Amino acid sequence: MDTVLAARGADGQGAAADRIDPRAVGPFRLSAADSSALRRKADDKVACLNRAGIASDVVVGASGRPRVQVVGNDPERAQGTRCDLAALDAPTRSERKALDALTGLADACLKRQGREGVRLNNDLSWGDPVPVAVPAEPGPVAPQPVPAPGAPQEAPPSVTGPERTGENDRAIASCVGTARSEQLSSYVASPALLFIGDEGGATLPGFDLSPANSARIAGAAALVLALTVGASVFAGTRLVRPLHALTGAAQRMRDGEEPASVPVSGDDEVGRLAAAFNDMSAHRARLEAQRKAMVSDVAHELRTPLSNIRGWLEAAQDGLADPDPAFVSSLLEEAVLLQHIIDDLQDLAEADAGALRLHPEPVEARELLGQVAAAHQARAEGAGVTLVVEAAAPGPELCADPVRLRQAVGNLVSNAVRHTPRGGRVTLRAYTVDAGGGTVLVEVADTGSGIPARDLPHVFDRFWRAEKSRSRRTGGSGLGLAIVRKLVEAHGGTVEAASTEGEGSTFVLRLPATPPDGTA
């Protein structure tokens, strides 16, 4: 509610302007029970009008009083019906009490001016002035029922009612407005007043726009602007400095320089970005070191058989060696070794690129282990190692590419035979680990020299060998176990290694079993 923003009324003669917010209904607000009862009556009236072919709807005002609104806002169309819309406008007990109180306040105002009192209707209009005294308790309202403020329409009607002229009507309107402000004062907040100055140049109480005050305003605005700019520059500098460091480090990495970490400024978003960049830089450094080591290992593995082949051929060319069957057999052995390394590298490249093709089918684990053992039996006997298959008949079934799975198990058996001393034992097992048979375990266990605990995490790394001299007498190329891991992962399984130094090692493949319907 605002009653003091205008010094003069619309007529310019000093009449107070009505600045009361339509939502300020004060004591005219209906209780929940009264509002619900009137809403049921309004719904009945709407249903009656709809049956009469008149489209209408219920509109609820700010006070909670519902009213019937005819589509097209033409209430005269409903006058010829039997729906009796006037019955809906009868004031409730609380509305009568509030209107009586408002009438008493208005009459007291008029009495102080030596004027006669008025009787206010529910829409705050008044009839001809009647000589009444202001009672201690307000009398009854006008006999005809009319809507209460805030109920018949969304905004309370004008306090001036029907257009009138004359000083008496202006005094009544002023007193009604003052009475409404007094009645609503306990229901609304006090108005905020702003004094600037009137159009005649006279200064009102408050703050005027004199040159001195204008300078003060300009100075305060400049100070606020300077503080804002300073705070923005400070915050921007703190934000941009770590971003510049990140940009410089990224550009140095792009130019091929050694990766370098950047300082982490805090735990904010920029700090977390710097920490992530440092992790990425360290990971890239490890990958680069692994790449260099792999290139060196590949060159070493390929150089050895090629050097042997070249040496034997040069000796034959110089007449130092005869191309007899032993000579040809030696060259063939080196060529086979070279081909084996190249095939291993190709398998790893296909696995890394996701291009390793598998042709899964139901495979009986016991039969597959028997095939692998038969392929390595001659080598095991030559090394004095016993090769045994332990699996129930019929053994568990699994879904796998038989060629690739034989390759993986064969690599494990080859390593086990190589590292098991004469008189040792290599055992192949296959069994399920759960009641449903969902996982099949394939084990290759030996009684060899074992793997030191510090080396166990690296056994599946490419070109990794515990014996760093890379002698052919003590190990292969270092690609066999890396290929085993890739082949098992391609089948959707995992591979693990356990070992006790001096007692032997056990490699376990966990592979998915064949589905119950036998489909791959």
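Quick rundown of the values:
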{"read-out": "Extension gain from E288 to E333, taking 0.36 nm per residue of separation minus the Cα-Cα distance", "value": "12.8 nm"}
{"read-out": "Cβ-based net charge around R39, under 12 Å, with every Lys or Arg adding one and every Asp or Glu removing one", "value": "+2"}
{"read-out": "Prolate/oblate/rounded call for the stretch 268-407, Cα gyration tensor, a/c under 1.5 rounded", "value": "oblate"}
{"read-out": "Cut-off 12 Å between beta-carbons: net charge of the residues surrounding E288, Lys and Arg +1, Asp and Glu -1", "value": "+2"}
{"read-out": "Two-site label geometry, S186 and H340: point separation in nm, points 7 Å out along Cα→Cβ", "value": "10.5 nm"}
{"read-out": "Positive minus negative residues near A383 (Lys, Arg vs Asp, Glu; Cβ under 9 Å)", "value": "+2"}
{"read-out": "Cβ-derived FRET efficiency at R0 60 Å, D21 paired with E258, nearest 0.05", "value": "0.25"}
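Any read-out appearing in this document is the output of simple, stated calculations on the displayed coordinates, not a laboratory observation. Computed from a predicted structure; not experimentally measured. When we count neighbours, we look across all protein chains shown, and the Cβ atoms used for this are built from the backbone with ideal geometry, even at glycine.
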